[in-house]
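Encoded as structure tokens, the structure appears first; notes follow it.
All of the numbers you see were taken from the coordinates with simple rules; none came from a lab. All values reported here derive from a predicted model rather than from experimental measurement. Note that we place each Cβ from the backbone using ideal geometry, even for glycine, and neighbour counts take in every protein chain shown.
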Amino acid sequence: MQSLGLTGLLKIELPARTIALCDGGFFIWNGDTYRSRNDLFGVIASIESLAEGIGDEIPALELELHPPGTAAVAELSQPGYQQSRARFWVAEYSPVTGLIIGSPDLMFEGQIDQTTLRLIRSERTLSTSVVSTAERLFERNLGNTLSPGFHKSIWPGETGHDNATGLKVPIAWGAQGPQQSFTPRGGGGGSGPGGRGGTYINFD
């Protein structure tokens, strides 16, 4: 009986380099060598379970890498990395020969959306969001795209968004965000019949 092993193959095509990672050892497939460690981006820490999108929800892939301590923050999260092509396969291989058997199954193909470097004690984690290429179909308002690359396409040389990583407030990307309306109710300082001081805020 032939025994088979499974491995994940991750390929990210950045402007100046191509990252080819696997989850252990090394594999050669389709002219590329997939290794378990990259000199700049380190190793694969985790990959989120894949799920299909429903309705107006676009499937996305969340992955985490453990870069080495010598990797510079500017090298890990450059503005030009956004919209770089990223693909993930699951492949069968022979434990005896170490060779890929057949053609790996393409599980996800998309583009880099955002990278965030987190420092927890002595561990560095690079969280990377990979969105489907169909995400562009939802870009109804390009002026609301808060990526450094898009920002510089409007204002060349302006670097205000380069270091805006790890933000906690969610902002709509590529689509117009919800409008907020502020409606004062009651009189200020108790003026008017039955009025009470203070202002109430409605979010429609």
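Please list, by residue number, every one of the trypsin sites (Lys or Arg not before Pro) in segment 73-134 that is coil in DSSP and has at most 10 other beta-carbon atoms within 10 Å.
Sparse-neighbourhood loop trypsin sites (Lys or Arg not before Pro): 121.
What is the distance, in nm, between label points placed 7 Å from the Cα along the Cα-to-Cβ direction at residue 120 and at residue 40?
It works out to 2.5 nm between the two label points.
May I ask which residue of 7, 41, 106 lies farthest towards the positive end of the charge dipole of segment 1-133, with charges of +1 (Lys, Arg) and -1 (Asp, Glu) on Cβ and the Cα centre as origin?
41
If you stretched the chain out fully between residue 85 and residue 49, how much longer would it get, using 0.36 nm times the residue separation minus the C-alpha to C-alpha distance?
11.0 nm
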